[in-house]
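Data block below; observations after.
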Amino acid sequence: MKKCTARRLDKVPPSGIRKFFDLISSMEGVISMGVGEPDFATPWHITEAAIRSLEQGFTMYTSNAGMLELRRELSAYLKRTYNLDYDPDTELLITSGVSEGLDLAVRAIIDPGNEVIMPDPAYVAYPACVLFADGVPVQVPTYCENEFRLPASDVEAAITPRTKAILIGYPSNPTGAVMEMERLAEIADVARRRKLLVISDEIYNLLVYDMEPTSFACLPGMKDYTIMLGGFSKAYAMTGWRIGYAAASHEIIAAMTKIHQYTALCAPTMGQIAAIEALRSGEPEAKRMIEEYDRRRHVIVKGLNNMGLDCFEPRGAFYAFPSIRSTGMSSEEFAESLLMEEKVAVVPGTAFGKCGEGHIRCCYATSMSNIGEALNRMARFVHKHRPV
Amino acid sequence: MSGRLETRPKGDGMRKILEILENDARATPKQIATMTGISVAEVKNIIKKAERKRVIVKYKTMINWEKVGHDEKVWAMIEVKMQPQKDVGFDAVAERIYRFPQVRTLYLVSGTYDLAVFVVGKTMQEVASFVSQKLAPLDGVHGTVTHFLLKRYKEDGEILDAGGEDRRLPLTI
């Protein structure tokens, strides 16, 4: 039979975790540190706002850009949190999660053959979205020794006449690393000089520890060069609501809206109403959840280091990204054997790029007792397999 | 390359351990040690001390009996209105009431009545007999109102039918 799917898709490899997912689904008693979402339920007052809205009949489309009330709240939130001014009428777009925002951002700025520079390892959708837009992902290696920072000099060295943008996640999924503002400023400097746009995925932006949240767009002169992508999934435990946003210049938001209006049309209405409630009064609950992640972070990092899996202290998101090199196994071997022998699910670092080899991603968005039990099982596993 | 240890104020270790045990009485000292960063020996020591001082009163399992089959037990909540007594207030009568083995829980409450008594029996008749023959005739008891429990939805913070399971997929990126 003649091939019926687009050749473009052949360039995108299948997800590195598919076989693990199938394995786990058939097993009982697995402790999962493989999830990329909060284990908390959406705070009840946010859910209740959506329930009330449904009772009142808010079940229709909203405007393409999203409810004006939400965009106004968002504009006020970005002002009070980052001191950034975005016009709710022209510079904000409500999307179906950051995932859609990322796709729109890439498609709005990339012509076929354009290159997008991004770190390796990075969130799996980054290279995939660029490939879907017939662009070319250019992955710049980052290393554990350097806490997976993306050096501005390496970014500059990767620039070619075809380079259109730099795509970064701040804080990083999968490593939990947070680049210091001085380092980001160096990248901003490169972007400004070489006239590159920066797509800044800030979905984990509020999940930072021992520091204040900030945004790439806060860097001097960067607001006009930055497409800021944010959302409600992680900080407000609202993954299934599918509400995100993009903040950028009028020209870019107009281009993104053009695609959005013909594809998604608008983000889910009840999710938008829940997001309004989250912005208005979700902060205390978000803070409580972040404090709990922080407690778990200390436990998991200490536990991993104690068993000899070197782990730098992640300063954002809810992932630890320890090295498993001391076991002599590859990331995939480690993840698969750990699952089969001790029923603990983690994600092999290679799912996020070649530079993830030698690492696993452990999500600590799970109960303290699960973390405790998972660490005990992992310690037993590492002790058994470490070469003498 | 090593993780930073949380510095805890003195006494916080005990609180952490108690919180863990309150949520899961089966948590082992080893698990608790991993979760708190306190040594296994110290965890055991703190637990022993808490048991001795009756800070830990009892280890209990919450059962949803309705799921096992039909519940042979009948529960009732009885409002008791009473006359406080000189010097001892409500305490003397309360003590007489909580000594009855049928009484599972007893609270002194504010409002239109004084004591909330939770009683368990095999049948409604047995509970009714307890109220009419043992509780109501006590000196100082002015009146009782008996409410039989029809269904337990939530107890001690736990939703009995739905709570607990993690609805997330086991692996996502």
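The values are calculated or read from the model by the stated rules, or taken from the named source; none is laboratory data. All values reported here derive from a predicted model rather than from experimental measurement. Here Cβ is always computed from backbone atoms with ideal geometry, including for glycine, and neighbour counts include all displayed protein chains. Keep in mind that these areas ignore ligands, DNA and RNA; they rest on the heavy atoms of the full protein, side chains included. Shrake-Rupley method; radii C 1.70, N 1.55, O 1.52, S 1.80 Å.
Only residues that are under 20 Å from the mean Cα position of the chain (by Cα) and not in a helix (DSSP H, G or I) were counted across region A:256-287, and they come to 1.
So that you can scan it fast, the table gives a plain yes or no per residue for (1) in a helix (DSSP H, G or I); (2) modelled with pLDDT under 95:
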| residue | (1), (2) |
| --- | --- |
| A:289 | yes, no |
| A:293 | yes, no |
| A:300 | yes, no |
| A:305 | yes, no |
| A:311 | no, no |
| A:333 | yes, no |
| A:337 | yes, no |
| A:362 | no, no |
| A:369 | yes, yes |
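Scanning region A:205-223 for residues that are open to solvent by less than 10 Å² (accessible area, probe 1.4 Å) and closer than 30 Å to residue A:358 by Cβ gives A:205, A:207, A:209, A:216. Of the conditions (1) open to solvent by less than 40 Å² (accessible area, probe 1.4 Å); (2) not in a helix (DSSP H, G or I), residue B:60 fails just one. Which one is it? So residue B:60 meets the others, but not (1). Output yes when any residue across region A:42-54 is within 14 Å of another protein chain (Cβ to nearest Cβ), out of contact with any helix residue (DSSP H, G or I) (no Cβ under 8 Å at 6 or more places or on another chain) and surrounded by 10 or more Cβ atoms within 10 Å (Cβ to Cβ), and no when none is. Yes, there is a match, as at least one residue in region A:42-54 is within 14 Å of another protein chain (Cβ to nearest Cβ), out of contact with any helix residue (DSSP H, G or I) (no Cβ under 8 Å at 6 or more places or on another chain) and surrounded by 10 or more Cβ atoms within 10 Å (Cβ to Cβ).
Of all residues in region A:118-155, exactly one satisfies the criterion of being more than 26 Å from residue A:310 (Cβ to Cβ), in a helix (DSSP H, G or I) and open to solvent by 50 Å² or more (accessible area, probe 1.4 Å), namely A:132. Restricting attention to region A:179-196, does a residue exist that is in a loop (DSSP other than H, G, I, E, B) and within 27 Å of residue A:310 (Cβ to Cβ)? Checked against the condition, which is being in a loop (DSSP other than H, G, I, E, B) and within 27 Å of residue A:310 (Cβ to Cβ), region A:179-196 yields at least one hit. Residue A:177 meets the conditions (1) open to solvent by 50 Å² or more (accessible area, probe 1.4 Å); (2) out of contact with any helix residue (DSSP H, G or I) (no Cβ under 8 Å at 6 or more places or on another chain) in every case but one. The failed one is (1).
If you check B:157, B:121, which single one turns out to be exposed (fewer than 12 other Cβ atoms within 10 Å of the Cβ) and under 27 Å from residue B:62 (Cβ atoms)? Exactly one of B:157, B:121 is exposed (fewer than 12 other Cβ atoms within 10 Å of the Cβ) and under 27 Å from residue B:62 (Cβ atoms), namely B:157.
A search for C-beta distances below 6 Å between a residue of region A:367-388 that is within 17 Å of residue A:322 (Cα to Cα) and within 9 Å of another protein chain (Cβ to nearest Cβ) and any residue that is part of a helix (DSSP H, G or I) and not polar (S, T, N, Q), counting only pairs 6+ apart in sequence or on different chains, returns A:371/A:296; A:371/A:299; A:371/A:300; A:372/B:35; A:375/A:303.
Within region A:59-117, being free of Cβ contacts under 8 Å to residues at least 24 places away in the same chain, surrounded by 18 or more Cβ atoms within 10 Å (Cβ to Cβ) and in a loop (DSSP other than H, G, I, E, B) holds for one residue alone: A:88. Within the span defined as region A:329-339, every residue fails to be open to solvent by less than 10 Å² (accessible area, probe 1.4 Å), within 12 Å of chain B (Cβ to nearest Cβ) and closer than 23 Å to residue A:234 by Cα. Of the candidates A:182, A:212, the single residue that is free of Cβ contacts under 8 Å to residues at least 60 places away in the same chain and either more than 27 Å from residue A:95 (Cβ to Cβ) or within 14 Å of chain B (Cβ to nearest Cβ) (or both) is A:182.
Picking from residues in region A:23-38 that are under 13 Å from residue A:342 (Cβ atoms) and in a loop (DSSP other than H, G, I, E, B), the one that is nearest to the other protein chains (Cβ to nearest Cβ) is A:30.
Pairs linking a residue in region A:130-158 that is touching a residue at least 24 places away in the same chain (Cβ under 8 Å) to a residue that is of a type in the set (D, E, K, R), with Cβ atoms under 6 Å and 6 or more positions apart or on different chains, are A:131/A:11; A:133/A:107; A:136/A:115; A:138/A:115; A:139/A:120; A:141/A:120; A:149/A:183; A:152/A:186.
Of the residues making up region B:29-42, those that are facing another protein chain (nearest Cβ under 9 Å) and either open to solvent by less than 60 Å² (accessible area, probe 1.4 Å) or touching a residue at least 24 places away in the same chain (Cβ under 8 Å) (or both) are B:31, B:32, B:33, B:34, B:35, B:36, B:37.
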